[in-house]
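The values are calculated or read from the model by the stated rules, or taken from the named source; none is laboratory data. Just so it is clear, the structure is predicted and the values come from calculations on it, not from any experiment. Methodologically, a virtual Cβ is constructed for each residue, glycine included, from the backbone with ideal geometry; neighbour enumeration extends over all protein chains shown. Surface accessibility is based on the protein's heavy atoms, side chains included, excluding ligands, DNA and RNA. Shrake-Rupley method; radii C 1.70, N 1.55, O 1.52, S 1.80 Å.
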Amino acid sequence: MKREPEGTDITNEPQALPQANEIWQTTVHWQPTETQQTQFQTLYELILSGNRQLNLTRITEPNEFWEKHVWDSLRGIASWQTAPETLTSGQTFPSLPISASAQVIDIGTGGGFPGIPVAIAQPDWHITLLDSTRKKMAFLDTVITALGLPNVATMSDRAESLGQHSQHRAHYDLALVRAVAEAAVCAEYALPLLKLGGFAVLYRGQWADSDTQALKSAVAQLGGAIAQVVTFTTPLSQGIRHCIYLQKMARTPGRFPRAIGIPVKQPLV
Ligand code: SAM
């Protein structure tokens, strides 16, 4: 018997993502507006259809998509400070301590994660989605138009090149890096792009104290420091996640990032 692909019902209609207002409220002290919920749903449907041509994600079942792509993307930018207990739909997302009209870059965005959910939740942030795969960026251009997100732009380039480009080096308040490379490599991609005082969020799965110790020297060489390590569980499947928050404390030496491919071949230690 032919099996239907996950995320589609028998009529091939995409299913609805969960609304999950209570989970949003208890985990990040925020709820999406109706418009934002519709944007998440449209994003889901566009990713399912883009998946037919491009290998964007293997996560297609609606609850899993919501938890691992939408919720996880936003959990990473949630404030680590205590947020107010009761908020209603439409209120500002309680984010990291950065400016209201921040310049943000999502390095190795792939199918648009975490950058697109972040752009939906934070319409005043200016978000650049960066990936070396041109086809994925062309697809994301159509997604951005369909979602009506004037605050997002795409760039098809390598993080190593962008970090040496005068228009991008030290230009961003926040860099997001999820599922791109090992932590020291992500740090070398992100820190040169940050302004002094800016933050990088490394989205990780398993993480131990020894990983924090091992990352310290690489981050220090790049002019950064580890500001916070936050552990959390995902709200539906109780998976363990970590976000490593780096802060840029000093200018990154000009030799970083090193040439294309070198950070991966010889990660900083
Ligand atoms: N961040 C997305 C997510 O979490 O779903 C996509 C992760 S995907 C596994 C890794 C992406 O990083 C790929 O699309 C790849 O092209 C991109 N990538 C890897 N190294 C890169 C680099 N040096 N510069 C720009 N993009 C890079």
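List of remarks:
- Pick from segment 195-206, criterion crowded, with 18+ Cβ neighbours inside 10 Å and more than 16 Å from the ligand (Cβ to nearest atom), ranking: nearest to CYS243 (Cα to Cα): PHE199
- Pair list, Cβ < 7 Å and 6+ apart or interchain, from segment 197-224 residues that are touching a residue at least 60 places away in the same chain (Cβ under 8 Å) to residues that are acidic (Asp, Glu) and within 16 Å of the ligand (Cβ to nearest atom): none
- Of the helices (runs of 4 or more DSSP H) lying entirely inside segment 109-180, those containing at least 1 residues that are in contact with a Leu (Cβ under 9 Å, 6 or more places away or on another chain) and within 17 Å of LEU202 (Cβ to Cβ) span 115-121, 159-162.
- Of all residues in segment 112-124, those satisfying the criterion of being open to solvent by 10 Å² or more (accessible area, probe 1.4 Å) and either β-branched (Val, Ile, Thr) or in contact with a strand residue (DSSP E or B) (Cβ under 7 Å, 6 or more places away or on another chain) (or both) are PHE113, GLN122.
- Filtering segment 149-179 to residues that are in contact (Cβ under 8 Å) with a residue 12 or more places away in the chain, more than 10 Å from the ligand (Cβ to nearest atom) and not polar (S, T, N, Q) leaves LEU149, VAL152, ALA153, HIS168, ARG169, ALA170, HIS171, TYR172, ASP173, LEU174, ALA175.
- Filtering segment 236-255 to residues that are surrounded by fewer than 20 Cβ atoms within 10 Å (Cβ to Cβ) and in a loop (DSSP other than H, G, I, E, B) leaves LEU236, SER237, GLN238, GLY239, MET249, ALA250, ARG251, PRO253, GLY254, ARG255.
- Only one entry of GLU34, GLU61 meets the criterion of being at pLDDT 95 or above and open to solvent by 70 Å² or more (accessible area, probe 1.4 Å), and that entry is GLU34.
- Neighbours by Cβ (under 6 Å, 6+ apart or cross-chain): first from segment 109-123, more than 7 Å from the ligand (Cβ to nearest atom); second open to solvent by 10 Å² or more (accessible area, probe 1.4 Å) and assigned to a loop (DSSP other than H, G, I, E, B): ALA119/LEU149; ALA119/ASN151; PRO123/ASN151
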